[in-house]
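*Asks:* This is the structure I want to talk about, given as structure tokens.
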């Protein structure tokens, strides 16, 4: 998942306004691209002129990127520095109070509770700051990477340096290691109190401590209430509230609750009653002592702050009652209560942030408290709205309800990043919260279509982008306008089509997305499109992280290691992983943990001349207080040869995610796992003796006129077509397409294996031959068998079984003598045998037997039909790639689909979860094309990302395009999920274009131009293309080529709009 899509999940909600505005900065980059396109000049990110963008309602003004970045960095760095200074002050006081260097005695229960809680709170605060730095740093890295692609000469040091400082400072706070060790020691001390003698001693000690605490409180009352530690600036009222919060915190801590509650239960009922003691203390205060209830400590906090933060509603109620009685909440007096601490947090803010429903309700019920907010000069409605945003992000429904019940919340309030309450609720897909906002008395209809300031996304667009069907449905019911466009001119339907959310598309109106105007997109450099492999060098692409989204694995799972620190909510921050090759050359790569961005298209690259000896070494490092440099704590090794050849020579598992254990350097402990996948691109020696043929690659570029391509020849076979159908992927079908004047055909081919010797002797080393066949299973055999498990003899025999008996070759000679191709003699459609000959009585029985056998296969049970079957279609023999290359005129262009099962397809179709080794598959195909292709225009396409990568890196004679189902099916591979990901994949790997299922282009024609602006050719396929109107829509939008089944219909219906001089075999 890309960083921009999940950044809101990584932000700490109460700090959300203080992060870099990632969307706003990306918009500045895109506007700089637009200006450069309009001026036909280079991209200038330092241009100080303002970019004006007109939204549907208002004009939005965006500064130059560098200006916006400087502003964001200044804000982020100030916020970070302030929090860091506060943390260090907190740590100094913690050292003095808790005595971290001192021995801990199990009987000092009050002291232990205080020490543990203080450490846990400090650890939480430190972890939050480290995480804050991590998220900002990752965001800056993503922006740096973006700039480097669009403007290679740009100076990115201004971005990288602050990012490094964020990570470095937040990961090297020297106090962290001591805190971890101290907490572990304290918890061990509590755990040791488990036998009756220990419990008796502990109970006596606890009672004695309670008596001592009472005496200490009385002494402090006599001498002016102040704490024994002057540096804290606290008094007895602070101490009582904080003491109560310690016990409350330990009871709520999920990791220590059970242990602490058992200990408290064993001590009996003579525990300290904080509520009664607190009320008694306040009642005894003299008038001159009463201001102690308002006193601020070193953090700028009063006792009410600590009661609210710990979620102690009874103490909050008591404090408010006494403050009210003593006229301390009267906003007209000089003693009016100042709400915020040094960090800008009010008691209500702390209560909401920590999710304390009852305490929040108590604070909101105090009219005087709300009046105090007004007295600060800030808008009460805006203040409550900012708290509402926090509650929405924490999904705290009860608090949301309580805030809205005040009828004082400004629902039109925008955070500094431009977000409103409705945008947050829509992004989360919370129907309940959307309805609550819409039913609030302060709700106004215009809020429903209020755009955010970064991209101009309305709540409806946001809900669509995050695929929240129920939220979209509710927003439409409330009256959200579908025609509203963002700053780039995209409507909700455009975004839905782009991402392939077809369930949502079904409830949106199609008429709002006909415009093809949009902000131009600059073609990016191909990040992974390297020169062809040298004849002796194997290229290795390595990704850390899973490709299989059906069975998710964390890129790096350190659960066994991090379980030692259960009190840390952000445990992986401060760790990083490096990858380097053993027996392979390449740059070492470092990856900060956890991985927040999608690295699928950013692999590490290694080269080796001995792939059998290539290994990958991964090292895990941790920032510590004892070293300026990260400490190496664990390692993992991937043996590529063993992982790749686990099924034997010539086979490859479809499971490409390999889980590798990480072993500790000290004691060989099991620290966790990492998920790695790799792709070996082995060299392919060009077998051609002469220079490569002169082939115009632009033949596939429409150049203003859409090319018509026959799908699998004259069209795929389907019961949906109520017409006479010629068997798909047959020479007869291809010839029939040519007879219609269409000279582009699409061909699908897997690999069939067969022995290299046909004289009947066994051959130890099998060869492989590309054949023309679409499906993954050859159910014609009567079983669910993959073509690659058959020899060519068996493959062709299954075809011959459907031919009339008098046409089947007789005698002792094999039908596949003369290299296996003499048996097939092409018959022109004009010379077809009379149809009546196909249905003699004997032939009828034979056909019925054949169909009966097919009906028992899994494929037929799912689909209900089979293509190119005698009795249902005009059957013709199967063919090999060599045959069609030789049989069809050279001027006929071929779109060769490299048919290879992806894991999700194999699982769904019950196919063997392995295939032909990818390099072998690609090499055998290229051998045939190089040998028999001549000067024929040929295009390679594949649904398999791996085959696209291999084919593009093994040859540069023919273009390669990526096939994609447009999210019509759950592919289980993020690269194959939708148009958005297809564009990213094709651009990063230097492919020539994409071939999409046509639904996105029919729903949103402007997406065709979006693809072409990215420097990619754009082609579509699918059932919608058989509708002449859909074909016209796409052709008008500039589609380069359209693949159709109803070739005659589409060819006839808009001859002027389509170039029928193109054909494709598939």
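What follows is calculated from the coordinates using simple rules that are stated; it is not laboratory data. All values derive from a computational prediction rather than experimental measurement. Glycine also receives a Cβ, built like all others from the backbone with ideal geometry; neighbour counts cover every protein chain displayed.
*Asks:* Taking every Cα atom in segment 381-522, find the radius of gyration and the maximum pairwise distance Dmax, and write them in Å.
*Replies:* 15.1, 49
*Asks:* Tell me, in nm to one decimal, what length is gained between residue 432 and residue 663 on full extension, where the rule is 0.36 nm per residue of separation less the Cα-Cα distance?
*Replies:* Full extension of this stretch gives 78.5 nm more.
*Asks:* Using R₀ = 25 Å, calculate the FRET efficiency as 1/(1 + (r/R₀)^6) where r is the Cβ-Cβ separation of residue 848 and residue 721; round to 0.05.
*Replies:* Given R0 = 25 Å and the Cβ-Cβ separation, E is 0.65.
*Asks:* Applying a 10 Å radius around every beta-carbon, put 1041-1047, 428-434 in order of their mean neighbour count, most first.
*Replies:* Listed from highest to lowest mean packing, they are 1041-1047, 428-434.
*Asks:* Sticking with this structure for a sec: Order these peptides, 595-604, 309-318, by their mean beta-carbon neighbour count within 10 angstrom, highest first.
*Replies:* Highest mean packing first, the order is 309-318, 595-604.
*Asks:* Can you sort 973, 793 by how many other beta carbons sit within 10 Å, fewest first?
*Replies:* 793, 973
*Asks:* Take 565, 958, 570 and order them by how many other Cβ atoms sit within 10 Å, fewest up front.
*Replies:* Result, fewest neighbours first: 565, 570, 958.
*Asks:* A further question follows. Any chance you could run the full-extension gain for residue 552 through residue 469? It's 0.36 nm times the residue separation minus the Cα-Cα distance, nm to one decimal.
*Replies:* Gain on extension, residue 552 to residue 469, equals 27.6 nm.
*Asks:* Sticking with the crude label model, points 7 Å out along Cα→Cβ, report the distance from residue 283 to residue 688 in nm, one decimal please.
*Replies:* Roughly 9.9 nm, to one decimal.
*Asks:* Kindly rank 707-716, 646-655 from highest to lowest mean number of other beta carbons found within 10 Å of each residue.
*Replies:* By packing density, highest mean first, the sequence is 707-716, 646-655.
*Asks:* At q = 0.24, 0.25 Å⁻¹, what log₁₀ I(q)/I(0) does a Debye calculation on the Cα points of segment 560-646 give, no solvent, two decimals?
*Replies:* -1.24, -1.28
*Asks:* Evaluate the distance, in nm, between pseudo-label points positioned 7 Å from the Cα of residue 639 and of residue 800 along their respective Cα→Cβ axes.
*Replies:* Computed distance between label sites residue 639 and residue 800 equals 4.5 nm.
*Asks:* Among 992, 1053, which comes first, second and so on when ranked by fewest other beta-carbon atoms within 10 Å?
*Replies:* Least to most surrounded, the residues fall as 1053, 992.
*Asks:* Want the number for residue 612 to residue 406: 0.36 nm per residue separation, take away the alpha-carbon distance, what's left?
*Replies:* Net length gain for the segment: 67.1 nm.
*Asks:* Once label points are set 7 Å from the Cα along Cα→Cβ at both residue 651 and residue 89, what is their separation, rounded to one decimal in nm?
*Replies:* Placing both labels 7 Å beyond Cα along the Cβ direction yields 6.8 nm.
*Asks:* Take segment 445-484, compute every pairwise Cα distance, and split them into 10 Å bins from 0; I just need the percent in each bin.
*Replies:* 34, 59, 7
*Asks:* Okay, moving on. Express in whole angstrom the spacing between the alpha-carbon centres of segment 980-995 and segment 613-692.
*Replies:* What the calculation gives is 26 Å, centre to centre.
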